[in-house]
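Visitor: Once you've had a glance at the structure underneath, I'll fire off some questions.
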Amino acid sequence: MTTQNFLYRSVLYMPGSRERTLEKAKTLDADALILDLEDAVSPDEKPLARDLVCAAVKAGGYGDRALIIRINALDTEWGRADLQAACQAGPDAILVPKVSTAQDLRDIELLMLEFGAPEKTRIWAMMETPLGILNAKEIAGATKRLQGFVMGTNDLVKELEAAHTPDRTPVITALSLCLLAARAYGLVCIDGVYNAFKDDEGLRAACEQGRDMGFDGKTLIHPAQLAITNTVFAPAAQDLEQARAYIAAFEEALENGAGVAVVNGRIVENLHVETARKLLAKAEMIAARQP
């Protein structure tokens, strides 16, 4: 789990062209919101969506959720205006679609400086093209302003001419490469969407797979997916109990001059304790978000 100021168990896409939807987002139990100017908005509504999203971010009222604006790509007719408006609105991050090279993000960073983006506004990258996946390591290290990767699995499946399968075998290599790159550079890494928003069993399985792979959370397309996702990506009670036992046993071992401890027949070293502390810290953040 990456050290971060926000939780990212559930990252919900919200279409930017609907004012009522943007208002409703304030009441949803999502850890983070992607206010979308790209795929969720038709071409004729994109200027309106830009105005609505940026006004919503400036007005605030979203509590401790991370606010991320997804802009259109710079090579579209809307991209530069989207980026300029987003910089002036000052969200927590700007999500850049279809990132394929490190230079893509360096170009974004230079424009953010030109447009006066506040220091807090980070860059996030959609990883959804074959070239982007192959360049994941270079993209992850492109700029210190980069904070996270978001997997665009629908676009990847399309570009690969592959199929959507329950085990996600066609995109597992892409997921793994991006996770490796993200962890190498200390980035947040968010799994792709699950399209069948009424299929709770399938969603749970996809969340469990992503969690076990190491993703910080999952992007979602519908509020109905929030409860399952938040539960799966939260530490389980037995895991927290084990974490506390690991820490206590290791601290006792150190006091006795030993470098390792044993808990229930398992060797506990410093690396296990570090993971345990991160797990407990995540649980504390989740508890702090409860009403």
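Each value in this text was obtained by applying a stated rule to the coordinates, not by laboratory testing. Worth saying up front: this structure is predicted, and the values here are computed from it rather than measured. Positions of Cβ are backbone-derived with ideal geometry, glycine not excepted, and every protein chain shown enters the neighbour counts.
Visitor: What's the long-distance tail for segment 10-232, i.e. % of Cα pairs beyond 23 Å?
Guide: Values: 10766 of 24753 pairs.
Looking at segment 10-232, the distances longer than 23 Å represent 43 percent of pairs.
Visitor: Among all helices in the chain defined by DSSP H, which have a length of 24 Å or more along the axis from Cα atoms plus a Kyte-Doolittle mean of at least -0.5?
Guide: Flagged H segments are 237-255, 270-289.
Visitor: If you don't mind, another one. If we count other beta carbons within 10 Å of each Cβ, what is the order of Phe149, Phe6, fewest first?
Guide: Numbers: Phe149 27, Phe6 18.
Ranking Phe149, Phe6 by Cβ neighbours within 10 Å, fewest first, gives Phe6, Phe149.
Visitor: Straight distance only, please: which aspartates and glutamates reach the Cα of Lys58 with their own Cα at less than 12 Å, same-chain residues fewer than 8 apart left out?
Guide: Reachable aspartates and glutamates: Asp92.
Visitor: Could you check how many percent of all C-alpha pairs in segment 103-234 are farther apart than 22 Å? Intermediate values should be presented prior to the final figure.
Guide: Values: 3373 of 8646 pairs.
Beyond 22 Å sits 39 percent of the P(r) for segment 103-234.
Visitor: Taking every pair of alpha-carbon atoms in segment 51-157, what share in percent sits in each 5 Å bin, from 0 to the bin with the longest distance?
Guide: Per 5 Å bin, starting at zero, the Cα-Cα P(r) for segment 51-157 comes out as 2, 13, 25, 24, 19, 11, 5, 1 percent.
Visitor: Please return the longest range in the chain lying between exposed loop sites, taking GluC sites (Glu not before Pro), DSSP loop only, at most 10 other beta-carbon atoms within 10 Å, and leaving the sites out. Walk me through the numbers before you get to the answer.
Guide: Details: sites that count: Glu77, Glu119, Glu161.
So the longest stretch without any such site is 162-291.
Visitor: Using only the alpha carbons of segment 29-69, what is the convex hull's orientation-averaged projected area in square nanometres? All intermediate terms of the calculation are to be shown ahead of the outcome.
Guide: Working: hull surface 11.9 nm².
Mean projected area for segment 29-69: 3.0 nm², to one decimal.
Visitor: Straight-line reach from Lys158: which lysines have a Cα under 27 Å away, not including same-chain ones fewer than 8 places off?
Guide: Partners found: Lys46, Lys98, Lys137, Lys198, Lys218.
Visitor: Next question, about the same structure. Excluding Ala66 itself, calculate the net charge of residues whose Cβ lies under 10 Å from the Cβ of Ala66, where each Lys or Arg counts +1 and each Asp or Glu counts -1. Walk me through the numbers before you get to the answer.
Guide: Numbers: positive: Arg65, Arg122; negative: Asp31, Asp64, Asp92.
Local net charge: -1.
Visitor: Next question, about the same structure. Considering only DSSP beta bridges where both residues belong to the chain, give the percentage that are antiparallel (nearest 5).
Guide: Details: 3 of 33 bridges.
Antiparallel bridges make up about 10 percent of those DSSP assigns within the chain.
Visitor: Taking the Cβ of each residue in Ile221, Ile108, Ile267, Ile172 as the centre, tally the other Cβ atoms inside 10 Å and list the residues starting with the fewest. Intermediate values should be presented prior to the final figure.
Guide: Details: Ile221 16, Ile108 24, Ile267 9, Ile172 13.
The order, fewest Cβ neighbours first, is Ile267, Ile172, Ile221, Ile108.
Visitor: Now a separate question. Please build a GNM for the chain, connecting alpha carbons under 10 Å apart, and tell me which residue among Arg145, Arg183, Arg266 fluctuates the most.
Guide: Taking springs between Cα atoms under 10 Å, the residue moving most is Arg266.
Visitor: Okay, helix-only estimate at 222 nm for the chain: each DSSP H run of n ≥ 4 adds -39500 (n - 2.57), divide by all residues, round to 500 deg cm²/dmol; what do you get?
Guide: Values: 12 runs with 135 residues, N = 291.
Computed mean residue ellipticity for the chain: -14000 deg cm²/dmol.
Visitor: Would you mind checking the radius of gyration and Dmax of segment 178-272 based on alpha-carbon positions, in Å?
Guide: Just the Cα atoms of segment 178-272 yield Rg and Dmax of 17.5, 55 Å.
Visitor: Using Cα centres only, tell me the gap between segment 16-82 and segment 173-198 in whole Å.
Guide: Segment 16-82 and segment 173-198 have Cα centres spaced 22 Å from each other.
Visitor: If you don't mind, there's one more thing I want to ask. Does anything in segment 241-257 have its amide N under 11 Å from the 7 Å Cα→Cβ label point of Asn264, and if so which residues?
Guide: 241-246
Visitor: For an R0 of 35 angstrom, estimate the FRET efficiency from the Cβ-Cβ distance between Ala253 and Thr169 and round to the nearest 0.05. Walk me through the intermediate numbers first.
Guide: On the way: r = 42 Å, r/R0 = 1.20.
Taking R0 as 35 Å, the efficiency between Ala253 and Thr169 is 0.25.
Visitor: Another question, then. Give me Arg122, Arg244 ranked fewest to most by other Cβ atoms within 10 Å of their Cβ, as a rough exposure proxy. Mind showing how you got there, number by number?
Guide: Working: Arg122 22, Arg244 13.
The most exposed by this proxy come first: Arg244, Arg122.
Visitor: Next question. What translational diffusion coefficient, to the nearest whole µm²/s, does segment 94-141 have by Stokes-Einstein, given a Kirkwood radius computed over alpha-carbon pairs, a temperature of 37 °C and 0.692 mPa s viscosity? Show your work: numbers first, answer last.
Guide: Numbers: Rh = 11.0 Å.
It diffuses with D of about 299 µm²/s by this estimate.
Visitor: Starting from 0.36 nm per residue, how many nanometres of slack lie between Lys278 and Lys26 once their C-alpha separation is accounted for?
Guide: Working it through step by step, the gained length comes to 88.0 nm.
Visitor: If you don't mind, there's one more thing I want to ask. In straight Cα distance, which aspartates and glutamates are under 12 Å from Lys26, not counting same-chain residues fewer than 8 positions off?
Guide: Here the aspartates and glutamates satisfying the reach criterion relative to Lys26 are Asp64.
Visitor: Can you tell me the convex hull volume per residue for segment 237-289, based on C-alpha atoms, in Å³ to the nearest whole number? It would help to have the intermediate numbers written out before the result.
Guide: On the way: hull volume 3.3 nm³, N = 53.
For segment 237-289, the hull spanned by Cα atoms encloses 63 Å³ per residue.
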